[in-house]
Every structure is written in C-alpha cells, then in structure tokens.
Amino acid sequence: MSVEEDSVASILGSVSLFESLRAEEVARLATRFERISIPAGRTRDFGDTVDSLRFVVVVRGRATLRSETAGQSMTAQLDPGDRYGELGLMTGHARKIALSAEDGDVAIVTLDRDGLDAILEQFPAIANPLAIELASELAVKNDYVRQIMELHAEGFPADQLASAIAERRTAIARRGARVRRVTTKQLFSRLVVRKGSEPPFWMLAGFILSLAGARAVVALILKYKLEKQLFALVPGSDPNPMHVHHFNYGLVLVGAAGLAALFPVGRRGLRSLAFVFGLGAGLVFDEFALFWNLNPEYAQSLSLIACGIAAAVLLQLVYFRAFWTAFARRTLRMVRGTR
Amino acid sequence: MTAVAVTTNAVSAAAQTLKRVPFLALVDEATLERLVRVSRRVHYRPRQILVSELEPGADVYVILSGDAEVSVDARDGSRTVLRKLGPGSAFGEMSSLTGELRSATIAALTEVDALIIADAEFDQLRETRPQVALSMARELAERLHAVEHTLEQLLGRNSGRPPAKPSDRGKAAKGSLVRAWRELVVARQRDLAFITLAAFVGTLVAVRLSVHYAFRFDLTPRELLRVLYMSGFALLGGSACTSVLTFRPTWRRWIALAYGIGLALILNELGVTLAFDIFFKDIHTADPNVAFDVERLYRRAESLRAIAIGLVILVQAAYLRRFYVRAWFVLMTRLRRLRG
C-alpha cells in the first residue's frame, strides 16, 4: 500500500503542532517524514533505544498502540490525524512502543530525532505549540512527583503506601500511552477560558447553571401550583408555613467551598471548589431580595438586579481581569502622583 | 510592592539582565529594550511574596536584582524550599504557556527588583521571535526528562518514612496547662482554621452581648440585626470567593478572619433568616394577624443548634484535620483494594 502525498500533507496540516504553517510549508514539512505501511495483522516496534524513538502520525487506518511505562503496559487506539511520541523525542526518554494493524492495513508517517531537530530549525513556528505541550506535560508530571513525595513523607504503613504508589504508577502509565487527538478541548480552552482565569470561569459556569436551574424549577412549580407539594414546608407548632428557601442551601455550598479552599488543594480540587462556589452563589443571589427585605415573595425585582450585578462582576473577573488590574494600578499611581 | 520609574540607562541595564535568561539569550538588544519599556518594573521588600502557589496569573517575571526563593506548601502545612533565584532568573513562563495556576510560591529573600512581562507581550514575543519558543521547548524538554527520571526513582521506592518521634521538649512539659496553651493556641496562631475558629468564637461573644443589650434598652434592635446578618452574608460570600482566588499568606489570614466573623454573624441569626415565612398566611400573602416580632425570631432554637454545629466543624478543622486526611486516605485505599 502506498501513502499518497496529498493525504500526508492534508493529515499533517490538521495536526495542531503544524496549524500555524502555510499549505506549501506543510507540503515541504511532509517530505521530512518517513512513510511506513503496516499490513493487516503486522506490528512495528519503536522506542527500544533513544535512536529508535519516533514521532508517529497515523495517515490511514486504525493502529493499536501498546506502550511500556513504569513497568506497566497500556493500549490505545490511533485514528488518522492522531499522533504519539513527539514529547518522548524531545526529552530523549526511551519508551518501548508497538504499533499493530489489527483492523486492516495502516499507513503512518514517522520522524526521528534528527528529523525533528531539522524541522524545528526550518519551521521554528512549530516550537511555540511544542513548548506549550511540553509545559503542560511538565506541570502534570511535577504534580505527580509532589503527590508521591507527600505520600512518602506521610509515613503510611508499607502496604497502604505500596497500594497508593501502584495507583499513581498506573495513572502515569496511562498518561505514557496517551495519544494526542484532534479534539475540541484545546479550542474550548483557547476561546472560552481566558488564560490564567480558570477558577473564575468555573465560578461563572456554576453561577449561571444554578441560577437558570433554580429559576426554571421555581417557575414550573408556580405555574402548575405545586407549592404545597414541592416547596418543602417545615412542620411545627406555628399555624403558618415555614419554608427553607434555597438561598440557605446556596449559603451552605458557598461556606463549604470557602472553608475547603482555605486548606491546601491541588489545581483540580480548586476548579471543583470554584464550581461549587458558583453553584451556591447562584442559589443565594436568586433569592437575594428575600433575605434583604425579610419577605418571602419570590418575584422581587431586587433579586434579578442583584443576580445581574453578580454575573457582571464574575464576567469581569473571567474576561477583563487584566484590564481592571491595570486600571486599578494606573489609578493608584495617579493618586500617589497627585499627593 | 512598589512600581519603579525607569530611565534610559536603567532600560539598557535591564535589557542586559534579560540577556542572561536562557530563553531570551538569542533575542536582539532592541527587542529586549522594547520589552523592558512595555513591562512593569516592581520593587519587593524582603519576605514579600512575588507570586503565590495556586494563584491565577500568566505574566512572566524576571529578577533584575536581589535574591528570591521558590517554595511549595505540603498538605500538612509544612513548606519546602525548592531552589533560589538570583538576577537573570525568570519564572512564570510555565503559567504563560499553559494558562495553569501558579505551581510554587516565590518570596523575596532580599530587596528585589523584578520585571513583570505581561502575558500578552510574552505571547507576542514567542510568536514574532520563534527562537524564544525554541529555546523554551529545549529547556522544558530537559526539565521534563529530569522529572521523568525522578518519577521513575520515586515509583521504585515503596518504603514510607518512619513517623517522627515526639520531642524531648514535649516530654518535659507533659500534662502542663502551659503546654496545652502553647500547643492548642500559641503554636496555631498562623493556622487558617484556628484563625477562623478564633474569629467565630470572638464574634459570637461580642454580637450576642450587643444584641442582648440592644433588646434590653431598645436600641433599634431590628436595624442592628439587619446590619449584622447582611454583613454576615457579605463577609462569608466575599471571603469564600477570595479564598478560591487569592493565595498570598497575609491576605489568606484576613480571609480566614472574615470567614469566621461572617459565619458567626449568619449562624447567630439563623432563626431570623430561616423563619420569616411564619408571618405569612401562605407563600404569597402576609398574615395581618401576626405581628412581625424580630425578637421572637432571634430567640428561636435554630440559631443555637447551628452555632453548635459550626463550632464542632471548625474545631475539627483546626485540630483534627490531619486525622481526617489520613482516615480518608486509608478508607479510599481499602475501598480500592476491595473493588480490585
């Protein structure tokens, strides 16, 4: 089976590492890659030694990748456009992999270490996305190092420590077998989440979600006159009804997220706490007028105004934080200058 | 932290220091001088924090003069110093590339002058001068290789460190009230959970006394209660929000203080905020036969129950946090073993 030049250039053009290159540059880049066909049922091995490390891009068919990392073997599937091995090639960290053509013929293109150096010299624009991928991988691996060092420092019994270490080993092996695919995740991060603004973004997401949810549920309950059945009325000696408003549940969520965030948490934990805070804040602001006026009437415009202000503040935090920081800094400088 | 005015000579000197940063070494002088002009130059006093772990932010810092240290905080609150930074050292480039939260705390050891390159400027520099990205890619690859090597060594080591032995000082003071005071209060002055607990208890005492006398001498208790519970909402909401966004140690102590005060104010008046429906005939109509008696609401039992629960949670957080972390770890390990 031969690998057509057009399809190689087209597939390489879809790889995010090369997306900043023009079509003719991608065509020139494609000439640097070695074309390899793997017939159905056959396997090719790479990465036994540093010299045999390869950056692999699947051009046609579905390949099965088996990799050995941290003493564990992992399997992954690669479809056209999926890639593997560029970070290993950069670090020179030998990792044995086998590519099999289990579901029919597979066409791949590969690049060795010298080839990667050559394309980086020829097309330095590739270095930027590559540096971003290296930095992301380094951040994750640094987190693993820290987790394992903390496990060692805790002085756990040997069997429990061994079990926790084995768990991390599996996670690292799974990461070692990770294939980079053409996904919308990067696009989402680039267009929706402003760099360095992840916690405020998840706060805003939680806020909008819970606000919309609470408004919709209350509207449906009032429309179908289900207050008596669905508004949880607290029984007691008082003849009048007492209802635990949902701003109280929101307050519990806000308080719990705030208290938990005072203690050391990882990056993922912080994202979750920001989301929980947003959920709680949505419930609290939805009934802002109730506790402001001590009046159980739900349809008060003050609640909507408060929700609008809170959403606007969160939006500023997510998308205009740099502007407001610079504005505050400049204002402060002006105030100091005039004194 | 103070902004520093930049003269032409200072620009040239700062550009020379930027040349010492490995990934900026190949950039021409004119570009570096432009970078210095568009960047902020900030002065830090000793012990001042330049960047805090887990803080959002993507600007790149270059130390122009002075020394700083890189440290991380463990879950038990202990601090580990990773390395020292001097003139020509850069940090923050990882966050600029990935958009991730800061991974370590950088504190000034001496008087430090730093150049803060805005994230957008640094992005532009990498795009217009690809050799910067190339140098960074090579440097990051080396660091990744070193970290992978460390990981392999750590994964091969299964023995835990023996638990620390109690100190002789502890033995000598065994059973004394002084020791209890020292261990339970003095040693925890900087612990955020303890600050929250202390603020909670102190506020409760002050507020209950104030409200008691406001009712007794009719000093507009309804207005006082309203100001107190709205302040509680504002303090709790504000401190919870900033505790997710701010990681400077000094600010976090203020956040913990505000959280404790806010929680106390809300729980102290939970009877009011939970029970205002009882003055309504149904969910929409106010009951004309029932007078709005705020003192009756204030004295309801819900507040006392909530205060007790809040106190128990804060005491657990201050004194038994480590036990719960370990218990959670052991439980999860056992569960995973059962499953697999």
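General observations
- Debye log10 I(q)/I(0) for segment A:1-135, one point scatterer per Cα, at q = 0.15, 0.22 Å⁻¹: -0.70, -1.45
- Taken about its Cα centre, the protein assembly as shown carries a charge dipole of roughly 2120 debye when the Cβ of each Lys and Arg holds +1 and the Cβ of each Asp and Glu holds -1.
- Projected label distance in nm at A:Ser272 and A:Glu167, using a 7 Å step from Cα toward the beta-carbon: 1.2
- GNM flexibility winner over chain B from B:Val315, B:Val244, B:Val325 (Cα, springs under 10 Å): B:Val325
- Around the amide H of A:Phe156, modelled in the peptide plane, lie the amide H atoms of B:Arg161, all under 5 Å away and 5 or more residues distant in sequence or on another chain.
- Extension gain, A:Thr75-A:Val50: 0.36 nm per intervening residue step, less the Cα-Cα distance, totals 6.9 nm.
- Extension gain, A:Thr64 back to A:Val145 (0.36 nm per residue minus Cα-Cα distance, nm): 26.2 nm
- Cα long-axis angle, helix B:8-19 against chain B (0 to 90 degrees, to the nearest 10): 80
- Arranged from fewest to most other beta-carbon atoms within 10 Å of their beta carbon, A:Ser303, A:Ser100 become A:Ser100, A:Ser303.
- In degrees, nearest ten, helix B:192-216 long axis to first principal axis of chain B (Cα): 30
- Each residue, B:Ser65 and B:Ile309, gets one label point 7 Å from its Cα in the Cβ direction; the gap between the two is 5.8 nm.
- Relative contact order of segment A:3-54, pairs being alpha-carbon contacts under 8 Å that are 6 or more residues apart, as %: 27
- Model label sites at B:Glu139 and A:Glu34, defined 7 Å from Cα along the beta-carbon direction, differ in position by 3.3 nm.
- Based on the reciprocal of the average 1/r between different C-alpha atoms, the Kirkwood radius for segment A:4-58 equals 12.7 Å.
- Computing FRET efficiency as 1/(1 + (r/R0)^6) for B:Ser210 and B:Gln189, where r is the C-beta to C-beta distance and R0 is 22 Å, gives about 0.25.
- From least to most packed, judged by other beta carbons within 10 angstrom and beginning with the fewest, A:Asp103, B:Asp119 follow the order A:Asp103, B:Asp119.
- Spin-label proximity, B:Lys19 to segment B:128-145 - amide N less than 18 Å from point 7 Å beyond Cα toward beta carbon: B:132
- Most positive-pole-ward Cα, A:Leu21, A:Thr64, A:Gly81, against dipole of segment A:1-121 from beta carbon charges: A:Thr64
- Residue-averaged [θ]222 nm for chain B, counting only DSSP H segments that reach four residues, each worth -39500 (n - 2.57): -18500 deg cm²/dmol
- Nearest 10 degrees, 0 to 90: helix B:301-319 Cα axis against chain B principal axis: 30
- Förster radius 25 Å - calculated FRET efficiency between B:Arg179 and B:Tyr319 (Cβ-Cβ, nearest 0.05): 0.95
- Assigned charges on the beta-carbon of Lys, Arg, Asp, Glu; segment A:19-126 dipole about Cα centre (debye): 180
- Each part reduced to its alpha carbon centroid, segment A:69-115 and segment B:243-295 end up 58 Å apart.
- Exposure proxy shown here: for A:Tyr298, B:Tyr259, the number of other Cβ atoms within 10 Å sets the order, fewest to most, as A:Tyr298, B:Tyr259.
- With R₀ set to 60 Å, the beta-carbon distance separating A:Ala153 from B:Phe217 gives a calculated FRET efficiency near 0.55.
- Cα pair count fraction exceeding 33 Å, expressed as % - chain B: 52
- The slack in the chain from A:Thr325 to A:Glu227, taken as 0.36 nm per residue of separation less the alpha-carbon distance, amounts to 30.7 nm.
Values in this text are rule-based calculations from the coordinates and carry no lab data. None of the values given here were measured: they were computed from a predicted structure. As a convention, Cβ positions derive from the backbone with ideal geometry for all residues, glycine included, and neighbour counts pool all protein chains shown.
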